[in-house]
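Working notes for the structure below.
The values are calculated or read from the model by the stated rules, or taken from the named source; none is laboratory data. Every value quoted in this text rests on a predicted model; they were computed, and no experiment measured them. Quick reminder, even Gly has a Cβ in these numbers, built from the backbone with ideal geometry, and neighbours come from all protein chains shown. For accessibility, only protein heavy atoms count, side chains too; no ligands or nucleic acids. Shrake-Rupley method; radii C 1.70, N 1.55, O 1.52, S 1.80 Å.
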Amino acid sequence: MADTSPPDALSRFERTIAAEEKIEPRDWMPDKYRLNLVRQISQHAHSEVVGQLPEGNWIARAPSLRRKAILLAKVQDEAGHGLYLYSAAETLGVSREEMLDDLLSGKAKYASIFNYPTLSWADVGAIGWLVDGAAIVNQISLCRTSYGPYARAMVRICKEESFHQRQGFEIMQTLAAGSAEQKAMAQDALNRWWWPSLMMFGPHDAESAHTQQSMQWKIKRQSNDELRQKFVDQTAVQAAHIGLVIPDPLLKWNESRGHYDFGPIDWDEFNRVLAGHGPCNRARLAARRKAHEDGEWVRDAMLAHADKQRARATGAAA
Amino acid sequence: MSSKHLPLWEVFIRSRRGLDHKHIGSLHAADAAQAMQSARDTYTRRQEGVSIWVVRSSDIHASQFEDDSAFFDPAADKVYRHPTFYDVPEELKL
C-alpha cells in the first residue's frame, strides 16, 4: 500500500489524534498506523479464539450444572469477542480469510498464556480471575484507543468481560474456603498461572518493540509496565482476601511508591513459549486447524443453501 | 407524468468521531449520490453529524415482531451472564 495522501492529510491525522478524537475507517491514515493496528487487533482476535481451548477442555467435566452453564456462556463470549475484533480489523482493509490463514499457518501470534495446559478444575478459576483480570486491565485502557472501531469493540468487550473475572474469582474463593485438598488445588493453580499472567502485559517498556510508536499514535494508552503494576496491585489484595499466597517472595507493599513491589519475570520462559516451545503450542494450533477443517462442510452447506434459496426465488419470479 | 417511484433510503448519522452511526430517518432518492445530498440537507442542517451512511431500505432485513419472544428467548434464563450474579466484595475491585 502506498501513501497516496492529499497534501494536508498527515497534519490533519495528527491534529485529530492530538485532539483526542477518533480515527474512523474512511479517514486517511499513515500505512504504519494501519499496519500496526491490523497486527494488534488481529493478534487480539486470535487470542480470544485460541483462548477458548484451555477452558473448553473443562466444559464436559465441570463439577456442577451451574458451573457448566457458566463456563459454556463464558467460552461462547470469547468466540463473540473474537468476532468483534476480526470485524474491527476488517475495517482496515484486511480480510477475515487472510487473518485466519496467518493464525493457522503459525505466522500470526496470539497471547502466549494459552499455550499452558489446564490441569485441574481450579485452572478454570485461575484463568477467569488472573488471565481475564489481566485482559480487563489492558482492555479498559484500550477503550480510549485512537481507532474508533477498535475502541467501540473494546467498550462492548469490557462490559461482557466483567462476569468472566468474577466467575473465576468465585471458583477460587469457593475452593480456597473448602477442604485442605481443594485449597491446595487452588493454590497450585495460582502458582502456575501467576507468572504467565504477568507476562501477558508484554516486555518491559524499554524492550518493547512497538510501545513507543503505539503510544505516540494513541493506539496504546498506557505502557506495559504501568498496566502490569495496576494488575499486581489489585490482584495482591484479592489473593489475600481469599487466603491464597502469590508465588513471589519479593511481593511486598511499598509505602513510598504506593504500589506493590514484585520479583523479576523470567523472560527466557516468555521468549521460549512465544517462539513456539511452550507446553501446548502445537496442540493449540492443531486443534484450531482441525476445528477449521471440520467446519468446512458447514460453510459449504451454508453457501449451497443460500444458492438454492436464491435459485428458488428467481424460479418463482420467472 | 412519470409513474416511477423514487426508492426509499435509510439514513444513519455519526454525530461525532468515536461514536457509532445511528439511524435517524429515511428519505426518497433515485440513487446513492442523491440520497447522500438529501440526507445532508434533511438531517444535518444544524451540524448534527460528521459522517452519513445511506442504505437502500430494501437492503435491510429486520427480525419479525411476531417472532420476538421465541427469537430472543435463549437469552432470557441466563442471569449468570451478568456480573451482578456473582457475590464479591466491593472493595476488591473485581
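Values as computed for the structure displayed
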read-out	value
Qualifying residue in region A:110-126 (condition: within 14 Å of chain B (Cβ to nearest Cβ) and charged (D, E, K, R))	no
Condition met for A:ARG192 (within 14 Å of another protein chain (Cβ to nearest Cβ), under 25 Å from A:GLN238 (Cβ atoms) and out of contact with any helix residue (DSSP H, G or I) (no Cβ under 6 Å at 6 or more places or on another chain))	no
Members of region A:76-89 that are surrounded by fewer than 19 Cβ atoms within 10 Å (Cβ to Cβ) and more than 12 Å from chain B (Cβ to nearest Cβ)	A:ALA79, A:LEU83, A:SER87
From the options A:ILE157, A:ILE136, residue that is under 17 Å from the mean Cα position of the chain (by Cα), part of a helix (DSSP H, G or I), away from chain B (no Cβ under 12 Å) and farther than 18 Å from A:LEU72 by Cβ	A:ILE157
Yes/no for A:GLN167 being touching a residue at least 60 places away in the same chain (Cβ under 8 Å), within 13 Å of another protein chain (Cβ to nearest Cβ) and either surrounded by 23 or more Cβ atoms within 10 Å (Cβ to Cβ) or assigned to a helix (DSSP H, G or I) (or both)	yes
Among the candidates A:LEU274, A:LEU251, residue that is in contact (Cβ under 8 Å) with a residue 12 or more places away in the chain and under 21 Å from B:GLU91 (Cα atoms)	A:LEU251
Residue count, region A:139-154 (criterion: in a helix (DSSP H, G or I) and either over 20 Å from A:VAL50 (Cα atoms) or open to solvent by 10 Å² or more (accessible area, probe 1.4 Å) (or both))	7
From A:SER120, A:SER64, A:SER47, residue being out of contact with any helix residue (DSSP H, G or I) (no Cβ under 8 Å at 6 or more places or on another chain) and at pLDDT 95 or above	A:SER64
A:SER162, sole failed condition from (1) at pLDDT 95 or above; (2) in a helix (DSSP H, G or I); (3) small (Gly, Ala, Ser)	(1)
Residue that is farthest from the chain's Cα centre (by Cα), among those in region A:30-63 that are within 16 Å of A:ALA135 (Cβ to Cβ) and free of Cβ contacts under 8 Å to residues at least 60 places away in the same chain	A:GLN52
Per-region count, region A:219-250, residues among the hydrophobic types (A, V, I, L, M, F, W, C), surrounded by 17 or more Cβ atoms within 10 Å (Cβ to Cβ) and not in a helix (DSSP H, G or I)	4
Enumeration of residues in region A:48-62 that are of a type in the set (Gly, Ala, Ser), within 14 Å of A:GLY82 (Cβ to Cβ) and either part of a helix (DSSP H, G or I) or open to solvent by 20 Å² or more (accessible area, probe 1.4 Å) (or both)	A:GLY56
In region A:107-133, residue surrounded by the fewest Cβ atoms within 10 Å (Cβ to Cβ) [restricted to those that are under 13 Å from the mean Cα position of the chain (by Cα) and of a type in the set (D, E, K, R)]	A:LYS109
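One line per residue, one yes/no per condition, for (1) open to solvent by 60 Å² or more (accessible area, probe 1.4 Å); (2) out of contact with any Leu (no Cβ under 6 Å at 6 or more places or on another chain); (3) under 30 Å from A:ALA19 (Cα atoms):
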{"site": "B:ILE13", "(1), (2), (3)": "no, yes, yes"}
{"site": "B:GLY18", "(1), (2), (3)": "no, yes, yes"}
{"site": "B:HIS21", "(1), (2), (3)": "no, yes, yes"}
{"site": "B:ILE24", "(1), (2), (3)": "yes, yes, yes"}
{"site": "B:GLN34", "(1), (2), (3)": "yes, yes, no"}
{"site": "B:GLN37", "(1), (2), (3)": "yes, yes, yes"}
{"site": "B:VAL54", "(1), (2), (3)": "no, yes, yes"}
{"site": "B:PHE85", "(1), (2), (3)": "yes, yes, no"}
{"site": "B:LEU92", "(1), (2), (3)": "no, yes, no"}
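The rows are residues; the columns are (1) free of Cβ contacts under 8 Å to residues at least 12 places away in the same chain; (2) of a type in the set (D, E, K, R).
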position	(1), (2)
A:TYR147	no, no
A:MET154	no, no
A:GLN173	no, no
A:GLU181	yes, yes
A:ALA186	no, no
A:GLN216	yes, no
